[in-house]
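Quick notes on the structure that follows.
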Amino acid sequence: MKRYILLGLFLLLGAVMQLSAQEKKAAPAAPNAKQPLAYEAFVKQGMRKVGEVLPVYTNDKQYYLEIGKEDLNRDLLVSGVIVKGPWCGQSSAVTDRIRFVLGKENTLDVMQEVWDARIDSTLSEPSLVEAFEASNMPSVKFSLPIFAYGKDENSYIIDITKDVTSAGKLFAFPDLQWVNRPVANRLTVDTVCPLQEGVKLLVVHAQSDRTKGGFGMSGIEKHNTVRIEWAIQRLPQAVMATREADPRVGYGTFAYADYSEDPLQVKNKSIIRRWRLEVKPEDRTKYENGELVEPADPIRVYLNASVDGGYREAAVKAVGEWNEAFAAAGFKNVLQLQEGEAPAQWGYHSIVVSFLECLPKLYTVSNPYTGEILAANVVVSLIDLQKSVPTVQSFLQAYEPKVFSELREEVRYQVFRRQFSFQLGNALGLLANDASRGVYAPEQLRDPEWVSANGISPSMMDCALVDFLVQPGDGVALEDLFGHVSHYDRWALEFGYRVYPEGEEKAAIRALLMQAKENPFLAYAPKAKNDLVPYNLSSDALAAVKLGMKNIDAAWADVEQLSKALDKEDSWMSYVQLANGLMQLRNFYLKGLQEEVGAIRKNPSIKGYSDEAFTFATRSEQKAVMDYILSETYSGVPAWMQRTRLRGLSGNSGEEPMTIGMTWTSQFVTNPNFLNQLLLCEKEQRPGKAYTAAELYSAVNNAVFDNFSTNASFDRFSRRAHYIFMDAFVKSYVAMDVVKTMGTDVSNFMVMQMKSTLKSLERLSQTHEAEAGQAYFRGLYVYAQHLFDAAEKQIQLHKQASAKALAAEEFGNMYNAAGL
């Protein structure tokens, strides 16, 4: 009966759908789109024209943009950026390169291009090219109705009023809703300005929003007012030659599938992102003879008004260093500083630099077909500067105490130079280089002549902050402690920007890249996701940290005297800041060393260049680093940390910062990902070559639990270490989701280690030579056992659920096989 009811409902639904389709079919066709106005009728509405290239018409209420026929199917740059108010410096997500094409029914379409799949018509069969183009037609991103024709119908006028005053398709801030819906009566268009290749509009957006309340509290009114610069400009029509990417050099890339040679064997290729630097025809002979020449179109650099005083001087030095590095590519004066403000925040072949109270930002617009970087906006972060300066001062406190007084501003300028220089390298197409920090030897980083000539690493893109290895009396100049553009940077610019005679490029680049085979100064590795890179410098990370620790000892001896010099009336706050800075620095040094254990570095696998796909840190190096971390973490509070005014005035015994260090180290040695890394290294290397997880835990048990000996310490510091470690172990055990990873190497290792630890604690609860020790370890055992039992219960429940699911699946298979 149920089956007949369902059948009836199905037939009824079919009848309704058929009737609906017939009604739709019979409905009259939609009328044609509204016809555009003639130019004469349009201008009679009180319109005035601003600009000659992509002009804007306005009557101060409506705004219209004119697109000439010569601008159809041509690259244009549309942009939006907040120039004043909250989020100052942020560019709109619609900032991009676009093309208008004539659409259907009186519209202009902006096309969604296909660039990640390509074919070379000069290499492929015509039939294959035709099939490829038929399968990869661009789609319409959005359409705008043509409001009117231009004079003599040689152009098209579109209404951009909504784009300018609120949020439309051409101009908008879809990624920032707090300014994307301005109140109509609180919006003004300040200015409409002609540009050399387009037009810009300055608009004030005022917006109010009410955020939702919670927990019985009412919502909050949120008001924001910002000034936005909208712009649209022509881009050059000439096409730049591409350059294929190579994993030995760190450039941003565009990847695509190449169908040119064989459609059945598609090749994945990448081209680098770079600026268009070309040699003037009249300079070609000079260039090929090795004489430096200016590019046909230099990159214009604008430092806006926020970059002033000493910061402007620092920025000019950074620009100068990168200009000198371009000599490797045969060019001079590539980056040309411009006077005054930029005509627009976004402009072809321009980099606009701001210094604002926000996070660092780098915006670029590129042509994905050629890799050409068309324009860039750099925002240097005041927040990052304020965060970095105290760290640098702690680094250099022993070497040059004046960094807290007479040299304080100089430190700020040098940190700014370093930050801006890194971002400028990014703007030129370069990526962060994680290999450079581990190249120079500690003794080189303490040599004034070496550091002056070579910087603190071979690359400005290394993410290092300052040379913290220098010791009092080394004599390295303060400016040189912050590094400079160096070997790798020059080589990378030569790879990206050298112009080669026709037919010679591939061979020349191949020879250039081979220079990196035996030269560690030219090594490149993608940046690891680690915020602690400033604490990891030189080819011997352990020696570097020991030198840093030595500086902490030296600095601590003068903390009290320095704090009094900084604040003669009340030195207490200065003392607290100096002391805390050094204690935090100690923990960060140890945490930075964690990178050196279980390290696997992937090498670019290139025939004739690199036979080893991976590089492993040596067993002896890893063991030395791990033993040092454990010793410095669990051996008690250092003497210098106990001799502190903080103890007498606030009760700080030094155990508080040690607790942070113990937490970090305990989390590290129990991290399943790290343990899995060790197990993988052990598998990949010959026996005896790898630092193993078992070796690690032998050292951990010794450092944390005194090898579970019958006289194991259980004083206040040791008890804190025990509980922090066990808490970290169980949290990692659960976070690993051992329920799902049962049977894997890392899961088996952690289960085995947990059981071994529990067994040892149970034994100590009965055999410790002190009766109080037996009681303490009994409590620790019960605490750990309880946590472990809870995890084991989850495992059993999972096993039961898995068994039921498997049984149900087997029954279903039998049922289907029987045809039921």
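The values are calculated or read from the model by the stated rules, or taken from the named source; none is laboratory data. On a predicted model such as this, the values are computed, not experimentally measured, just so you know. Please note: Cβ atoms are built from the backbone with ideal geometry, for glycine as well, and neighbour counts cover all protein chains shown. Calculation scope for accessible area: heavy atoms of the full protein, side chains included, ligands and nucleic acids excluded. Shrake-Rupley method; radii C 1.70, N 1.55, O 1.52, S 1.80 Å.
With contacts taken as Cα pairs under 8 Å at a separation of at least 6 residues, segment 288-350 carries a relative contact order of 54 percent.
In the chain, taking the dipole from charged Cβ atoms about the Cα centre, the farthest positive-side position among Ala93, Trp115, Gly581 is held by Ala93. Accessible area per residue for segment 296-429, computed on protein heavy atoms with a 1.4 Å probe, is 33 Å². Placing +1 on each Lys and Arg Cβ and -1 on each Asp and Glu Cβ, with no other charges, gives the chain a dipole about its Cα centre of roughly 2520 debye.
Once R0 is set to 30 Å, what does the formula 1/(1 + (r/R0)^6) return for the Cβ-Cβ distance between Gln112 and Glu261, expressed as a FRET efficiency to the nearest 0.05? Can you show the working numbers first?
Working: r = 27 Å, r/R0 = 0.89.
Efficiency at R0 = 30 Å is approximately 0.65.
Heavy-atom accessible surface of segment 664-763, averaged per residue, reaches 46 Å², computed with a 1.4 Å probe. Model label sites at Trp178 and Glu339, defined 7 Å from Cα along the beta-carbon direction, differ in position by 3.9 nm. Taking only protein heavy atoms and a 1.4 Å probe, the accessible area of the chain is 52% carbon and sulfur. The angle between the Cα long axis of helix 2-26 and the longest principal axis of the Cα atoms of the chain comes to about 40 degrees, rounded to the nearest 10. Using the rule -39500 (n - 2.57) for each DSSP H run of four or more residues, divided by the residues of the chain, the 222 nm mean residue ellipticity is -13500 deg cm²/dmol.
In this rough spin-label picture, where each label sits 7 Å from Cα along the Cβ direction, the Gln561-Lys61 distance is 7.8 nm. You can think of it this way: the chain between Lys34 and Thr659 has 217.7 nm of extra reach, that is 0.36 nm per residue less the Cα-Cα gap. In percent, rounded to a whole number, the relative contact order of segment 328-406 is 25, using alpha-carbon pairs under 8 Å and six or more apart. Legend: calculated FRET efficiency, Ala441 to Leu123, from the Cβ-Cβ distance at R0 = 60 Å, rounded to 0.05, equals 0.75.
Backbone geometry of segment 304-317 corresponds, through the Karplus equation with coefficients 6.51, -1.76 and 1.60 at θ = phi - 60°, to 3J(HN,Hα) couplings of 6, 4, 6, 9, 10, x, x, 5, 5, 4, 5, 5, 4, 5 Hz, x marking Gly and Pro.
The distance linking segment 337-359 with segment 498-545 is 30 Å (Cα centroid to Cα centroid, whole angstrom). For Ser452, Ser571, the ranking by accessible surface with the largest value first comes to Ser452, Ser571, using a 1.4 Å probe. Ordering Gly496, Trp640, Ser457 by the projection of their Cα atoms onto the charge dipole of the chain, which places +1 on the Cβ of Lys and Arg and -1 on the Cβ of Asp and Glu, puts Trp640 at the extreme positive end. Classified by the C-alpha gyration tensor, segment 38-81 has an oblate form. Its axis ratio a/c, with a ≥ b ≥ c, is 1.5 or above, and a/b does not exceed b/c. The mean accessible area for residues of segment 90-141, using a 1.4 Å probe and ignoring ligands and nucleic acids, is 59 Å² per residue. Peptides 494-507, 138-151, ordered by how many other C-beta atoms sit within 10 Å of their residues on average, highest first, read 138-151, 494-507. Rounded, prolate or oblate for segment 401-551? Axes are the square roots of the Cα gyration tensor eigenvalues, ordered a ≥ b ≥ c, and the cut-off for rounded is a/c under 1.5. The shape class here is prolate. Relative contact order of the chain, please, whole-number percent, based on alpha carbon pairs below 8 angstrom and at least 6 residues apart. Relative contact order for the chain comes out at 7 percent. Against the chain, whose longest principal axis is taken from its Cα atoms, helix 716-735 shows a tilt of about 40°. Taken one residue at a time, the phi angles of segment 571-586 give Karplus couplings (6.51, -1.76, 1.60, θ = phi - 60°) of 8, 4, 5, 4, 5, 4, 5, 5, 5, 5, x, 6, 5, 5, 4, 4 Hz. Gly and Pro are set to x. For segment 298-385, the set of GluC sites (Glu not before Pro) satisfying both a DSSP loop assignment and a count of at most 15 other C-beta atoms within 10 Å is given as Glu339, Glu341, Glu357.
Want the number for Ala770 to Ala296: 0.36 nm per residue separation, take away the alpha-carbon distance, what's left? Kindly include the intermediate steps, with their values, before the conclusion.
Working: separation 474, 0.36 × 474 = 170.64 nm, distance 8.35 nm.
Separation in residues times 0.36 nm, less the Cα-Cα distance, equals 162.3 nm.
Between the beta carbons of Lys49 and Lys683, assuming R0 = 60 Å, the FRET efficiency works out to 0.25 to the nearest 0.05. One Cα centroid belongs to segment 551-604, the other to segment 463-480; the line between them spans 15 Å.
Accessible area of Lys332 (1.4 Å probe, protein heavy atoms only, ligands and nucleic acids ignored): about 90 Å². Oblate is the label for segment 70-180, because a/c, from the alpha-carbon gyration tensor with a ≥ b ≥ c as root eigenvalues, is 1.5 or above and a/b does not exceed b/c. Working from Cα positions, state the angle (0 to 90°, nearest 10) between the long axis of helix 672-684 and the longest principal axis of the chain. For helix 672-684, the angle is close to 80 degrees. Full extension of the segment from His786 to Ser135, taken as 0.36 nm per residue of separation minus the current Cα-Cα distance, would add 228.2 nm. Placing a label point 7 Å from the Cα of Ser620 along the Cα-to-Cβ line, the residues of segment 676-713 whose backbone N sits under 15 Å from it are 688-691. The accessible-area ordering, largest first, of the residues Arg763, Arg510, Arg99 stands as Arg510, Arg763, Arg99, per a 1.4 angstrom probe.
Each label was represented as a point 7 Å from its Cα along the Cα-to-Cβ direction; for Leu102 and Lys151 these points are 2.1 nm apart.
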